[in-house]
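Below you'll find the structure, written out as structure tokens, and then a few comments.
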Amino acid sequence: MSFSINPWTDLQQIFQYQFMQHAFEAGTIVAVIAGIVGYFVILRRSSFAAHALSHIGFSGAAAAVLVGVNPVYGLLLFTIVGGLGIGALGKRVANRDTEIGIVLAFMLGLGVLFLSLYTGYAEEAYSILFGEILGVSFSNVLLTLGAGVIVLILTGVVYRPLLFASLDQDVAEAKGIPVFFLGMVFMVLVAIATSISVQVVGVLLIFSLMVTPAATAQLLAKQPRQVIVISVVIALIATWLGLFIAFWEPYPVSFFITTMVFVFYLFVRFIVPRIRILLSGFQRKPIKTDG
């Protein structure tokens, strides 16, 4: 199979396969959630936490394979427990690196134990490392949708106080905002978002959807809602294009997604500022008139 001149024909050919339908459904949900939660991850300087939770989720997937259940359930359970543990041990957002490292080391140790206890080949657990969106089942799509709805509801409920606490934790605490409770809720949001995102890009490439689109959006806008919208749009475009290209090319979807968001970040980081300078120079240039 190869590209045709008519992209509409290509899309029709793609969507006649059920596994591609499930991939686009799950990818869309994940991109929206990762784009929203990723903004707060950047704002609260919690990139390491998101990365750690993805590795903790791998241990959960190994545990789920050991007991014979869907690895996604293990992902959700372990990331939520790990997130709550990180939030409980480290009250201050800026000083959580030590607590994150402690929880991560313990959870990875459990993951090694679970894999050693499993007598078969834990292919489902290993696929979590790099993502397996083309193998997402309809039940996983429903699970992803349910988790996504929970994240959207929680984010909507705590949006304003969480934004305030993320921007200035000391002032928020002085005004009586429950900073510690919000921190725990935030870690749960990150845990759920991480769990469903690893289906698309995997444990090792989680930054591509959880961090890069939000970091890029911050370079394009200043208002929180604008940043969130742009972050979601970037994640959606990268996910959709990654799936579209991967249908025709024999390479992993996660490679195309990570490459696109990285290239877009570089473009916005280095090229867009120069374009703005050039445009501002043309606008300021005086117009010469005859006489």
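The values are calculated or read from the model by the stated rules, or taken from the named source; none is laboratory data. None of the values given here were measured: they were computed from a predicted structure. Cβ sites come from the backbone with ideal geometry, for glycine too, and all protein chains shown count toward neighbours.
Brief remarks follow.
- Residue within region 143-160 that is modelled with pLDDT of 85 or more, more than 21 Å from residue 48 (Cα to Cα) and of a type in the set (Ser, Thr, Tyr) present: yes
- Residues of region 42-55 include at least one that is in a helix (DSSP H, G or I) and over 20 Å from residue 199 (Cα atoms).
- For residue 26, the conditions (1) aliphatic (A, V, I, L, M); (2) under 19 Å from residue 182 (Cβ atoms); (3) modelled with pLDDT of 85 or more are fulfilled apart from (2).
- A single entry from 46, 59 fulfils the requirement of being small (Gly, Ala, Ser), surrounded by 21 or more Cβ atoms within 10 Å (Cβ to Cβ) and modelled with pLDDT under 85: 46.
- Exclusive hit being among the β-branched types (Val, Ile, Thr) and more than 13 Å from residue 30 (Cα to Cα), set 230, 237: 230
- A single member of 172, 125 is modelled with pLDDT of 85 or more, in contact with a helix residue (DSSP H, G or I) (Cβ under 8 Å, 6 or more places away or on another chain) and either loosely packed, with under 13 Cβ neighbours inside 10 Å or assigned to a helix (DSSP H, G or I) (or both), and it is 172.
- Residue 72 vs. criteria at pLDDT 85 or above, crowded, with 16+ Cβ neighbours inside 10 Å and either assigned to a helix (DSSP H, G or I) or of a type outside the set (A, V, I, L, M) (or both): no
- Selection status of residue 264, among the hydrophobic types (A, V, I, L, M, F, W, C) and modelled with pLDDT of 90 or more: yes
- A single entry from 185, 179, 198 fulfils the requirement of being buried (at least 17 other Cβ atoms within 10 Å of the Cβ), out of contact with any Leu (no Cβ under 6 Å at 6 or more places or on another chain) and at pLDDT 90 or above: 185.
- Pairs where the first residue, in region 217-231, is in contact (Cβ under 8 Å) with a residue 60 or more places away in the chain and acidic (Asp, Glu) and the second is in a helix (DSSP H, G or I) and surrounded by fewer than 17 Cβ atoms within 10 Å (Cβ to Cβ), C-beta under 9 Å, 6+ apart: none
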